[in-house]
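Below you'll find the structure, written out as C-alpha cells, and then a few comments.
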Amino acid sequence: MPEGQEKRPVIVSSDMAREVRIPPGQVETKKWPVLHYGDVPQVNLAEWDFRIVGEVEAQWKCNWETFRGLPWVDVKCDIHCVTRWSRLNNMFSGPSTRTVLACVVFAIATVSDGVDGYIARHYKQKTELGSFLDPLAD
C-alpha cells in the first residue's frame, strides 16, 4: 500500500449485488487457478514503466515510483473467466482509471499550454483573456 494511504476508498462492483452471481455454465473456484505457463518472470522495478500509447492525443509514461505515488483505491468484484470458472469476492488495489486519465489530461494540458505559449510569442499574439488565464494554467 502506498505510504500515507492507509485508508483507501473501496469500490464495490454492482455485479456483487446480483441475486445469482455465478453465470450459467460457470463453476465457482475458491482458489486462483494457474493463469500462466512456465516460470513467473522477475520484474526489475527500477526499469518498470506504465505507458499509454497508440491512438491517443498525447502519450503518457510514468515509472514505478510515480505510479505507486498516485492515489489508490480498492476494488471488490467477482471474476468470470471464459474457461468457465468464477471466483467471487476478489479485492484488487491500484490507481483508479479516473486517476490515470487525469494524469494524461494534465500532460495534454501541459503540452498544449507550451505550444500555445510558443505560438503566441512567435506571432506576438496577446489577449486579455489569455493574460488572465495563463498564470492560472501555469
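So here's what we get for this one:
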| quantity | calculated |
| --- | --- |
| Output for the range 70-89, where each listed residue is aliphatic (A, V, I, L, M) and outside any strand (DSSP E or B) | Leu70, Val82 |
| Total residues in the range 90-105, condition surrounded by 11 or more Cβ atoms within 10 Å (Cβ to Cβ) and either assigned to a strand (DSSP E or B) or at pLDDT 95 or above (or both) | 5 |
| Matching residues, the range 37-91, being closer than 30 Å to Arg18 by Cα and in contact with a Phe, Trp or Tyr (Cβ under 6 Å, 6 or more places away or on another chain) | Val75 |
| Any hit, the range 19-26, residues being aliphatic (A, V, I, L, M) and touching a strand residue (DSSP E or B) at 6+ places or on another chain (Cβ under 6 Å) | yes |
| Some residue of the range 29-40 being surrounded by 11 or more Cβ atoms within 10 Å (Cβ to Cβ) and of a type in the set (Ser, Thr, Tyr) | yes |
| Some residue of the range 25-35 being part of a loop (DSSP other than H, G, I, E, B), over 26 Å from Ile79 (Cα atoms), modelled with pLDDT under 90 and over 14 Å from the mean Cα position of the chain (by Cα) | no |
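The values are calculated or read from the model by the stated rules, or taken from the named source; none is laboratory data. Source: prediction; values computed, not measured. Cβ sites come from the backbone with ideal geometry, for glycine too, and all protein chains shown count toward neighbours.
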